[in-house]
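Q: Here it is, the structure, as C-alpha cells.
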Amino acid sequence: MEQKHIAYVYEPFAQTADYIAVNATIVRRWGEVMMRKGVQKVERLLDIATGVGTIAELFFKHVVRQGEEPAVICLDASVEALEQANARRSPVVSKLELHHALVQEMTLPEQSVDAAVWGNGIHYLSPPMQEQALHAIKRVLKPGGWFCFSTAFYAEARPPETHPFYMAQVKKAVMHLRSLGVTRREREARAESSYFLPRSHYEALLAKVDFTMEHVEEFAGRLYQTAWEHISSFSQYAAGALHGYDPALAAEAMRLAVAPALAEHGQRDEHGNLYVQRNWLSIMARLNPPALPGAHV
C-alpha cells in the first residue's frame, strides 16, 4: 500500500544533548538487563520511528559488543527521516535496511528480528493503534525477542514541583496570542497526543498482547531552554497545551513562552543554567522468554 507523505518535524529535540544524555542512560540499561537475562548477541535490530537513527546509534554504542555487526532495520513513516537515517547510519552500519511504513502496517517477515526498540514515540498513537502496533511488533519478533521502548510523554512525566513551569508557559503563550488578536476555537477536539497515559496503561497493554514484562524503570532527565523550545515548536504538543488555537500559531507562542517561564520556575544546575526536570518511562518486554538463559536471542 502506498504510504501518504508524513512531514518530518520533530527530530531537532532528539538531537539535543539533553535528549541524548537521558536516552544513553536508558539504552545502557537495556543492554545491562539483556546481558543479565543471558542474551549474548542481537543479530537483527528493528528501530521503530527511527528519525535520524539516534536510538539505534546509542544501541550500537552502549549495547553491541566490539566486532559484532548486527543488521539494523530503520522503520519510519517519513521519507525525509529515512533519508537522514540512511545518510547518518550507512557509513557505519554495513547491514542497513530502510522501510517506509507505519509500525502497525509494516510488512517485515514474521519472526525476523531479535529486538525492536522505539524511542519516545509510542505516545503519538491512540490506545487502539498502540495495540495494533504491538501486535505488529509481536509478529516480527523471533521467539524470545525483546521489545524496548521509552516515552517522556506519559502521565507521570511531570513531577509535581514542575507544574508551575507548564502553567506559566501556557499562560504566557495565551497572552501572546491574545495580543495578536488570535482567538480560541472552543469546540475543536483535543489532539490525541495531548492525552498522557499512565505507566499502568503501558504495562497492561503489553500483558494484553502477551508480552512478558522484564524491566520497568523511570529516569529523570534535565531539559534546558533549547530542548524545551524544540518540544514546544512541535505542533501536536502545542495543540494539546493550547487546545483550540491554530496549531502553528500555538507552537510559536509556546516556543516564545519558554524563556520567561523557565526564568520564573526553572531549577539551576551546578553551572547556574536553568532547566526543568522531565521523567522518562522505560519498559523492556519479551516475547515467549526461554525458561533458561539462552545463547543468542
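The values are calculated or read from the model by the stated rules, or taken from the named source; none is laboratory data. As the structure is a computational prediction, the values presented were derived from the model and not from experiment. Quick reminder, even Gly has a Cβ in these numbers, built from the backbone with ideal geometry, and neighbours come from all protein chains shown. Keep in mind that these areas ignore ligands, DNA and RNA; they rest on the heavy atoms of the full protein, side chains included. Shrake-Rupley method; radii C 1.70, N 1.55, O 1.52, S 1.80 Å.
Q: Would you call A168 touching a residue at least 60 places away in the same chain (Cβ under 8 Å) and more than 23 Å from the chain's Cα centre (by Cα)?
A: The answer is yes for A168.
Residue-by-condition table, conditions (1) part of a helix (DSSP H, G or I); (2) β-branched (V, I, T); (3) modelled with pLDDT of 95 or more:
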residue: M129; (1), (2), (3): yes, no, yes
residue: A133; (1), (2), (3): yes, no, yes
residue: I137; (1), (2), (3): yes, yes, yes
residue: G145; (1), (2), (3): no, no, yes
residue: E156; (1), (2), (3): no, no, yes
residue: T162; (1), (2), (3): yes, yes, yes
residue: K172; (1), (2), (3): yes, no, yes
residue: L177; (1), (2), (3): yes, no, yes
residue: T183; (1), (2), (3): no, yes, no
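Q: Identify, from the list A87, A21, the residue that is open to solvent by 10 Å² or more (accessible area, probe 1.4 Å), in a helix (DSSP H, G or I) and touching a strand residue (DSSP E or B) at 6+ places or on another chain (Cβ under 8 Å).
A: Exactly one of A87, A21 is open to solvent by 10 Å² or more (accessible area, probe 1.4 Å), in a helix (DSSP H, G or I) and touching a strand residue (DSSP E or B) at 6+ places or on another chain (Cβ under 8 Å), namely A21.
Q: Continuing with the same structure: Regarding the range 112-120, can at least one residue be identified that is in contact (Cβ under 8 Å) with a residue 24 or more places away in the chain, closer than 24 Å to V52 by Cα and among the β-branched types (V, I, T)?
A: Yes; the residues of the range 112-120 include at least one that is in contact (Cβ under 8 Å) with a residue 24 or more places away in the chain, closer than 24 Å to V52 by Cα and among the β-branched types (V, I, T).
Q: Let me ask something else about it. Among the residues that make up the range 42-54, is at least one of them assigned to a loop (DSSP other than H, G, I, E, B), open to solvent by 20 Å² or more (accessible area, probe 1.4 Å) and of a type in the set (D, E, K, R)?
A: Within the range 42-54 (the criterion being assigned to a loop (DSSP other than H, G, I, E, B), open to solvent by 20 Å² or more (accessible area, probe 1.4 Å) and of a type in the set (D, E, K, R)), the answer is yes, since at least one residue qualifies.
Q: Turning to a different aspect of this structure: Which one of these is closer than 20 Å to F147 by Cα and modelled with pLDDT under 90: R65, R36?
A: Answer to the selection: R65.
Q: Are there any pairs with C-beta distances below 7 angstrom linking a residue in the range 36-49 that is farther than 27 Å from Q104 by Cα to a residue that is open to solvent by 60 Å² or more (accessible area, probe 1.4 Å) and part of a loop (DSSP other than H, G, I, E, B), with the two at least 6 apart or on different chains, and if so which?
A: Final answer for the pair search is K37/P293; G38/P293; Q40/H296.
Q: State all residues of the range 145-158 that are more than 16 Å from I231 (Cβ to Cβ) and surrounded by fewer than 23 Cβ atoms within 10 Å (Cβ to Cβ); if no residue qualifies, say none.
A: A155, E156
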